[in-house]
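Novice: Sending over a structure as C-alpha cells; questions will come in a sec.
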Amino acid sequence: QVHMVESGGGLVQAGGSLRLSCTTSRAGGYAMGWFRQAPGLERESVAAISGLGTTTYPTDSVKDRFTISKDSAKNTIYLQMNSLKPGETALYYCTASIRTGPFAGAMDYDYWGQGTQDTVSS
C-alpha cells in the first residue's frame with residue numbers, strides 16, 4: 001500500500017497563488033499527477049509528471065499558470081498554481097502510478113490521496 005499525504009491547500013483570492021505538495025511512501029521513478037474535481041463536475045487531470053521528469057498539462061486553461069515538479073530525494077511532487085480563478089475552486093487530488101508515464105487519464109493511476117480543498121474567492 002502506498003501512502004500519500006497532500007498539503008498546501010486553502011483559501012486564496014482570485015489572482016493569487018497556492019503551492020500544493022504530495023509526499024508518498026514509495027520511492028522510485030514512476031508517474032505522478034494532480035487531478036481536481038469541482039462540485040457537480042467530473043474529475044479532470046491538471047498536470048502530470050513521468051518517472052523521468054517529463055511533464056504534461058492536459059487541461060489547456062492551466063498551461064502557463066500551473067507548474068508540476070518533483071523532488072525525488074523527498075518522494076514529493078509539487079503543484080505551483082498562479083493567477084488562480086474562482087472557477088478553479090475544487091478538491092485537488094495527488095495520484096501515483098506503478099508505471100513511468102506521464103499519464104492524463106485517471107484509469108492509468110493506481111494510488112490516490114485524500115484530496116486537499118482549494119477555494120478561490122472572487
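Novice: Can you work out which of the residues in segment 15-43 that are in a loop (DSSP other than H, G, I, E, B) and open to solvent by less than 50 Å² (accessible area, probe 1.4 Å) is farthest from Tyr92 (Cα to Cα)? Steps first, please.
Specialist: If we filter segment 15-43 for residues that are in a loop (DSSP other than H, G, I, E, B), which is where we start, we get 15-17, 25-31, 38-43.
Narrowing further to those that are open to solvent by less than 50 Å² (accessible area, probe 1.4 Å): 16, 30-31, 38.
Working: Gly16: 16, Tyr30: 20, Ala31: 17, Ala38: 9 Å.
In this case the residue turns out to be Tyr30.
Novice: Can you name every residue in segment 1-20 that is closer than 17 Å to Gln114 by Cα and over 14 Å from the mean Cα position of the chain (by Cα)?
Specialist: Residues satisfying the conditions are Gln1, Val2, His3, Gly10.
Novice: Here's something else I'd like to know. Identify, please: which residue in segment 96-106 is assigned to a loop (DSSP other than H, G, I, E, B) and within 19 Å of Arg26 (Cβ to Cβ) and is, among those, least open to solvent (accessible area, probe 1.4 Å)? Please lay out each step first, then the result.
Specialist: Taking segment 96-106 and keeping what is assigned to a loop (DSSP other than H, G, I, E, B), we get 97-105.
Then drop every residue that is not within 19 Å of Arg26 (Cβ to Cβ), which leaves 97-103.
Details: Ser97: 0, Ile98: 97, Arg99: 112, Thr100: 62, Gly101: 29, Pro102: 46, Phe103: 34 Å².
Among those residues, the one meeting the criterion is Ser97.
Novice: Would you check which residues across segment 44-95 are assigned to a loop (DSSP other than H, G, I, E, B) and under 20 Å from Met107 (Cβ atoms) and list them?
Specialist: Narrowing segment 44-95 to residues assigned to a loop (DSSP other than H, G, I, E, B): 50-54, 57-59, 63-65, 75, 82-85, 89.
Correct list: Ser50, Gly51, Thr54, Tyr57, Pro58, Thr59.
Novice: Just one of (1) touching a residue at least 12 places away in the same chain (Cβ under 8 Å); (2) farther than 22 Å from Gly40 by Cβ trips up Leu84, so point out which.
Specialist: (2)
Novice: Now for a separate question. Taking the condition touching a residue at least 24 places away in the same chain (Cβ under 8 Å), surrounded by fewer than 17 Cβ atoms within 10 Å (Cβ to Cβ) and in a loop (DSSP other than H, G, I, E, B), does Leu11 pass? Steps first, answer last, please.
Specialist: Working: touching a residue at least 24 places away in the same chain (Cβ under 8 Å): yes; surrounded by fewer than 17 Cβ atoms within 10 Å (Cβ to Cβ): yes; in a loop (DSSP other than H, G, I, E, B): no.
In short, no.
Novice: More than 20 Å from Leu11 (Cα to Cα) and at pLDDT 95 or above: is that true of Ser69 in this structure?
Specialist: Spelling it out, Ser69 is indeed more than 20 Å from Leu11 (Cα to Cα) and at pLDDT 95 or above.
Novice: What do you reckon, is Thr23 within 18 Å of Ser7 (Cα to Cα), polar (S, T, N, Q) and within 14 Å of the chain's Cα centre (by Cα)? Steps first, answer last, please.
Specialist: Working: within 18 Å of Ser7 (Cα to Cα): yes; polar (S, T, N, Q): yes; within 14 Å of the chain's Cα centre (by Cα): yes.
Yes: the conditions hold for Thr23.
Novice: Looking at Gly53, is it in contact with a strand residue (DSSP E or B) (Cβ under 9 Å, 6 or more places away or on another chain), under 20 Å from Ser97 (Cα atoms) and open to solvent by less than 60 Å² (accessible area, probe 1.4 Å)? Even if it seems obvious, please write down each step before you answer.
Specialist: On the way: in contact with a strand residue (DSSP E or B) (Cβ under 9 Å, 6 or more places away or on another chain): yes; under 20 Å from Ser97 (Cα atoms): yes; open to solvent by less than 60 Å² (accessible area, probe 1.4 Å): yes.
Judged against the criteria, Gly53 is a match.
Novice: For segment 107-116, indicate whether the set of residues that are in contact with an Asp or Glu (Cβ under 7 Å, 6 or more places away or on another chain), open to solvent by less than 60 Å² (accessible area, probe 1.4 Å), of a type in the set (Val, Ile, Thr) and not in a loop (DSSP other than H, G, I, E, B) is non-empty.
Specialist: Checking segment 107-116: at least one residue is in contact with an Asp or Glu (Cβ under 7 Å, 6 or more places away or on another chain), open to solvent by less than 60 Å² (accessible area, probe 1.4 Å), of a type in the set (Val, Ile, Thr) and not in a loop (DSSP other than H, G, I, E, B).
The values are calculated or read from the model by the stated rules, or taken from the named source; none is laboratory data. In this text the structure is predicted, and so the values were computed from the model without any measurement. Here the Cβ is made from the backbone with ideal geometry for all residues, glycine too, and neighbour counts use every protein chain on show. These accessible areas exclude ligands, DNA and RNA; they are computed on the full protein's heavy atoms, side chains included. Shrake-Rupley method; radii C 1.70, N 1.55, O 1.52, S 1.80 Å.
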